[in-house]
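For reference, the structure is listed below as structure tokens.
The values are calculated or read from the model by the stated rules, or taken from the named source; none is laboratory data. Only a predicted model underlies this, so the values are computations on that prediction, with no experimental measurement involved. Here the Cβ is made from the backbone with ideal geometry for all residues, glycine too, and neighbour counts use every protein chain on show. These accessible areas exclude ligands, DNA and RNA; they are computed on the full protein's heavy atoms, side chains included. Shrake-Rupley method; radii C 1.70, N 1.55, O 1.52, S 1.80 Å.
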Amino acid sequence: PSKLVLLYGGISDKDGRVRFITKNFSGAKKLIFQTNWSRDSIYGLSVENTFSEEFFNFTLQPPDLSMDVAKQLLSRSIAMQVQDIYYDDKITPFGKPLTDSTSFFGRADEIYLLDDYTRFPVMEEVMREYVPGVWVRKREGKFYFMVHDKPVNGLFRDPPLVMLDGIPVFDTDRIMSFDPLKVKRLEVVTKKFYLGSLIFNGIVSYSTFSGDLAGFQPHPKSLILDYEGLQLQREFYSPRYATRAQLESRLPDQRNLLFWSPEIITHNGRATIEFYTSDLSGNYKINIEGITPEGEAGNFNAAIEVKPVNY
């Protein structure tokens, strides 16, 4: 559930396993697994661990620290604490993934921003008054939708895919009892839609203002899981001292790692990089690792000395 709808479907094999091939799945997510409970009411769901459970058997030897490095360790400890205090919000920033903000079904055939229309307190009135692409019907006292099949100018006889913030809702009565004042956007796809091995007779997608279901509870048999997708890319913080105000800043700079970049591209084997040193003087190691377009790897080591500045 989110403002960016990510929906994946699949059909189980003979052993009951379903595999989902995901896209743009990065960072911490809340996943909701469910089947159409109106047809698959006897099934339960569990998620297999997709990470290896075999660990490398390696025992680290205890560190042999002599008193000769005690002063250096104390200095490093103080520098680390200074950076944590003054640059807490810049130490571990993560870049936002480049994702397509368009819904998985693309641009809908009908889009309604409900605040642009007369607000009704009941969802049935909303659907009947200004959503011509969806016909609301009742059968044996229960609501069901019939979506206009625009390419053939007809009606789908089977129900469409109904979603709230990307979560499929198979009981139309639950949507019809949902507070329409919590819905910001309604989108309707008035044609068949194919999602992998699944076929939907149109789509009716509701979006709340915050994209968090606004109190709507998924089906009790749904499996809800906090899951960590691909790790977000770390952004290395390196301060700049290009202006007089930056040069005259009294904030301490206790970095012992001065520069790191994974995206340096050479031209004819050469590249120029620029970075600022910190307030810590001493010898710094340079470690360069790279790979050629042909896949050949290489590395180079050197050192620079940063001398203290006397004002």
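Of note:
- The residue that is least open to solvent (accessible area, probe 1.4 Å), counting only those in the range 162-196 that are under 20 Å from residue 212 (Cα atoms) and among the hydroxyl-bearing types (Ser, Thr, Tyr), is 172.
- In the range 166-207, the residue that is farthest from residue 34 (Cα to Cα) out of those that are over 21 Å from the mean Cα position of the chain (by Cα) and hydroxyl-bearing (Ser, Thr, Tyr) is 190.
- Qualifying positions in the range 36-61 - of a type in the set (A, V, I, L, M, F, W, C) and either touching a residue at least 60 places away in the same chain (Cβ under 8 Å) or not in a loop (DSSP other than H, G, I, E, B) (or both): 37, 45, 47
- Residue in the range 135-154 that is among the polar types (S, T, N, Q) and surrounded by 13 or more Cβ atoms within 10 Å (Cβ to Cβ) present: no
- Cβ pairs under 7 Å, 6+ apart, first in the range 5-25 and in contact (Cβ under 8 Å) with a residue 60 or more places away in the chain, second open to solvent by 80 Å² or more (accessible area, probe 1.4 Å) and of a type in the set (D, E, K, R): 10/19
- No other residue among 159, 132, 121 is at pLDDT below 95, closer than 23 Å to residue 38 by Cβ, open to solvent by 70 Å² or more (accessible area, probe 1.4 Å) and assigned to a loop (DSSP other than H, G, I, E, B) apart from 159.
- Test set (1) assigned to a loop (DSSP other than H, G, I, E, B); (2) modelled with pLDDT under 85 - residue 7 fails condition number: (2)
- Looking only at the range 82-95, and only at residues there that are open to solvent by 100 Å² or more (accessible area, probe 1.4 Å) and either among the aromatic types (Phe, Trp, Tyr) or modelled with pLDDT of 85 or more (or both), the one that is nearest to the chain's Cα centre (by Cα): 94
- Among the residues listed as 214, 242, 271, the single one being of a type in the set (Gly, Ala, Ser) and either within 30 Å of residue 109 (Cα to Cα) or surrounded by 14 or more Cβ atoms within 10 Å (Cβ to Cβ) (or both): 214
- The single condition from (1) in contact with an Asp or Glu (Cβ under 7 Å, 6 or more places away or on another chain); (2) assigned to a strand (DSSP E or B); (3) under 30 Å from residue 27 (Cβ atoms); (4) not aromatic (Phe, Trp, Tyr) that residue 191 fails is (3).
- Test: residue in the range 62-76 that is modelled with pLDDT under 85, of a type in the set (Gly, Ala, Ser) and assigned to a loop (DSSP other than H, G, I, E, B): yes
- When the range 208-238 is filtered for residues that are of a type in the set (S, T, N, Q) and either over 19 Å from the mean Cα position of the chain (by Cα) or under 26 Å from residue 51 (Cβ atoms) (or both), the ones remaining, listed by number, are 217, 222, 231, 233, 238.
Each row is one residue, and each column tells you yes or no for (1) within 25 Å of residue 95 (Cβ to Cβ); (2) open to solvent by 60 Å² or more (accessible area, probe 1.4 Å); (3) among the charged types (D, E, K, R).
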residue	(1), (2), (3)
198	no, no, no
206	no, no, no
283	no, yes, no
287	yes, yes, no
293	yes, yes, no
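- Residue in the range 21-38 that is of a type in the set (Val, Ile, Thr), out of contact with any Cys (no Cβ under 6 Å at 6 or more places or on another chain) and modelled with pLDDT of 85 or more present: yes
- Candidate set from the range 256-281 (those that are closer than 18 Å to residue 246 by Cα and of a type outside the set (Phe, Trp, Tyr)); member that is nearest to the chain's Cα centre (by Cα): 258
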